[in-house]
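Notes follow the structure.
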Amino acid sequence: MPKSAADKYQLQFIDHAVCLHFSGDWRFVDGIPDVDQLIERLPNAEECRLLSFNSEQLGKWDTGLMTFLINLLDNCRQQQISVDNAGLPAGVQKLLTLAATVPERKGVRRSVLGQPVLARIGNVTIEMHRNWANLLTFIGEIFFALINLLRGRARFRASDLFYQIEGAGPSALVIITLISTLVGMILAFVGAVQLRLFGAQIFIANLVGLGMAREMGAMMTAIIMAGRTGAAFAAQLGTMQVNEEIDALKTMGISPIEFLVLPRLLALSLMMPLLCVYADFMGIFGGAMVSAGMLDISFFEYYQQVQTAVPLKHFIVGIIKAGIFGLLVATSGCFRGMQCGRSASSVGFATTSSVVTSIVLIVVADAIITIIFQILGY
C-alpha cells in the first residue's frame, strides 16, 4: 500500500543538526507532504544550524519533490539555517543548482488589477458608440451597393449568389422541417390540454394556424437561420479578414461590400420568406398530427378549420416579418464578420456576437412590427 504524505520523511536530531530521511515515492500523483508542517517541527536557528538529507530509501520522484525542497530551502535561508545537499540524488542537486542560478525575475508575473466601475461604464459606452458608428457606415455602404446593383454596376459573380442561395435555402430545409413540425406539435399539445376541458378541441386548428402564420413560423425560421447561416457568414468573412483576403480585394479595387456582402444579403433575403411559408405549413401539419392522435380530429376537419380561421392576410404578415428578419440576420452576420480582428479568437467572438445581435434584433423588430400591424388593424 502507498504511504501517506506524512510517512514519507523522518527527522533525526543530532546535536545542532537535523537530518531529513526520505522514503517512498515523491510524486504529485502520490501526494506531497505539507512543507509548513515540517517547518513547524524544525527547531530555530539557535538550536539547529545545519539541515542535511538522506535519500537512500527514496523511490520515484518528480517535480513534486523539487517543489517541496525549494519551499523548504527558502524557509531555511530565511531562518539562517545552513543546508547540505550532498545526501540528495545527483539529479535533484543539479536541478536545485539550476533553480538557484536562475532566480525568478521580479515583475514577470501578471497582476490583474480591478478596473473602477466608472471606467468600465465609460469603456462600454465608448465601445457601443463606436459599434453604432461602424454599423451606420456599413449600412450606408450596403445602400450604395444596392444602388449599383439596380444600375447594373455591382461587381459580384452570379455563381456566388446561387451558391449562397443554395446554402441559405435548400440546405436548411431539414432543420426547418424538424423544428417547425415540433413547434406546431407543442402548440397543439399545450392548447389541447386546456381546450379539451371545454369541449372546444376543434379550435386547436385556430391556435396553431394563427400562431404559426403570424409569429412562430417567421420567428423560429429567423432564429434558426441566425444560428446557422448568420453565424456562417460571420465566420467566413472573419476568416477572410484574418487571411487578409478582404485587404487584397480592396487593393485590386473591388468593393468587399459588393463582392462578398451583397450576394449573402440577397440570398438570405430571398430565401427567408420562402422558408417561412414552408415552416408555416410544417407547423400546421405538426398540429394536425397531434389533433388526430389525441383529439380524434380528422385531417380534413383540421384543414377546413384552418382554412376558415386563418385568412391569407395572416400569412402575408408572417412573410413580411420573415423578409425583414432575413435582412437583419444577413446584415448582422456580415457586419460582425467584416468587423473581425486578426486572430482566431476574434473569429469566434465575431461568430458569437453575430448570433446574439441577430436574435436581439429579431425580437425587437418583431415587437415593433406587431405593434405597427396592430395599430393598422391588419
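The values are calculated or read from the model by the stated rules, or taken from the named source; none is laboratory data. If you're wondering where the values come from, they're calculated on a predicted model, not measured in any experiment. With ideal geometry, Cβ positions are generated from the backbone for all residues, glycine too; neighbour counts draw on all protein chains shown.
Just for strands (runs of 3 or more DSSP E) wholly inside region 1-64: which have at least 2 residues that are exposed (fewer than 14 other Cβ atoms within 10 Å of the Cβ) and either at pLDDT below 80 or assigned by TED's automatic domain parsing to the domain that holds Cys76 (or both)?
9-14, 50-61
Just checking, how many residues over region 225-241 are surrounded by fewer than 21 Cβ atoms within 10 Å (Cβ to Cβ) and under 16 Å from the mean Cα position of the chain (by Cα)?
Result for region 225-241: 4.
Can you name the condition, by its number, that Met185 falls short on among (1) modelled with pLDDT of 90 or more; (2) under 20 Å from Ala226 (Cβ atoms)?
Status for Met185: all satisfied but (2).
Which ones in region 286-317 are at pLDDT 85 or above and of a type in the set (D, E, K, R)?
Passing the criteria: Glu301, Lys313.
Can you find a residue in region 24-31 that is over 16 Å from Val92 (Cα atoms), within 46 Å of the chain's Cα centre (by Cα) and of a type in the set (Val, Ile, Thr)?
yes
Hey, among Ala292, Ala267, Ala279, which residue is touching a helix residue (DSSP H, G or I) at 6+ places or on another chain (Cβ under 8 Å), touching a residue at least 24 places away in the same chain (Cβ under 8 Å), more than 30 Å from Arg155 (Cβ to Cβ) and in the same structural domain as Ile316 (by TED's automatic domain parsing)?
Ala279
Any residue in region 334-351 that is farther than 20 Å from Ala365 by Cβ, touching a Lys or Arg at 6+ places or on another chain (Cβ under 7 Å) and among the hydrophobic types (A, V, I, L, M, F, W, C)?
yes
With surrounded by fewer than 13 Cβ atoms within 10 Å (Cβ to Cβ) and either at pLDDT 90 or above or in contact with a His (Cβ under 8 Å, 6 or more places away or on another chain) (or both) as the only criterion, which of Val355, Val364 stands out?
Val364
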